[in-house]
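The next block holds one structure in the form of structure tokens; read it before the comments.
The values are calculated or read from the model by the stated rules, or taken from the named source; none is laboratory data. Since we're looking at a predicted model, the values are computed, not measured. Glycine gets a Cβ as well: all are built from the backbone with ideal geometry, and neighbour counts include every protein chain shown.
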Amino acid sequence: MVDETQEILPTSTRVETSLDVAADIVGLVPWLGGPVSCVLSGISVGRKMSRVREVLGGIASDLKNFESEASKTYVKTDEFQELLEKTLRMVAEERSEEKRGIYRAFLTGAITSPGEPYDQRLVFLRNLEQLQPDHIRVLRALVQEPERDAPIVSSPIRTLQRRLLGIPVDRIEELVNHLNDLRITNLTSLRVMMTGHGAASLKGSLTVAGLQFLRYIRGV
């Protein structure tokens, strides 16, 4: 929610108010005053804007040789501008370079393929906002081709353990369950024993939404 004072007070007054807040913090918790002052003076805003600039620069590079009258018309619509605003707000807050790359691919895709329903794109954005880099690692692991040296008998969780070195098994299960909750995957039988080839062929566990995510994370 936007602070009402930001809409009513002139800029100079807002700066003075920010300095007053920083002074109050210094008086109460001196060691916290420095970070608060940095944020309020606009340093964090500059960092966020650099993220936005990075993504917009990438989109410009993606579209350098692209020409489409339908796309040129679409980017002038309220629908696209709202989508752009929502996405760039998420970009500004996103610390993961990998996820910012997906936002970039998402916006480039929206521009080059303007026919996709707006509501469907909003669902994608809401889901992506909840995903952590480890979720993306899981998605990549799910679509890997079966290994030639796969064991004769195995389970999906064992396959994911092999492909996700460094992530504890409990964490893998937690990540998969979250992806299931978001309806990005439908992998509920992680510990069921089956043929090694079957346990290593996990791409079928992605839903339509999961396949959409896959489209955007490829190459990122």
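Here are some notes:
- Annotation note: of Ala105, Ala141, the sole residue that is surrounded by 12 or more Cβ atoms within 10 Å (Cβ to Cβ) and more than 17 Å from the chain's Cα centre (by Cα) is Ala141.
- Considering residues of the stretch 180-206 that are under 18 Å from the mean Cα position of the chain (by Cα) and closer than 20 Å to Glu145 by Cα only, the residue surrounded by the fewest Cβ atoms within 10 Å (Cβ to Cβ): Leu206
- Gly198 vs. criteria part of a helix (DSSP H, G or I), small (Gly, Ala, Ser) and either within 20 Å of Leu125 (Cβ to Cβ) or touching a Cys at 6+ places or on another chain (Cβ under 6 Å) (or both): no
- With a requirement of 3 or more residues that are of a type in the set (Lys, Arg), the helices (runs of 4 or more DSSP H) lying completely within the stretch 56-167 that satisfy it span 97-112, 156-163.
- Residues being modelled with pLDDT of 60 or more and over 24 Å from the mean Cα position of the chain (by Cα) - total across the stretch 34-63: 4
- Matching residues, the stretch 134-160, being more than 15 Å from His197 (Cα to Cα) and without any contact (Cβ under 8 Å) to a residue 40 or more places away in the chain: Arg137
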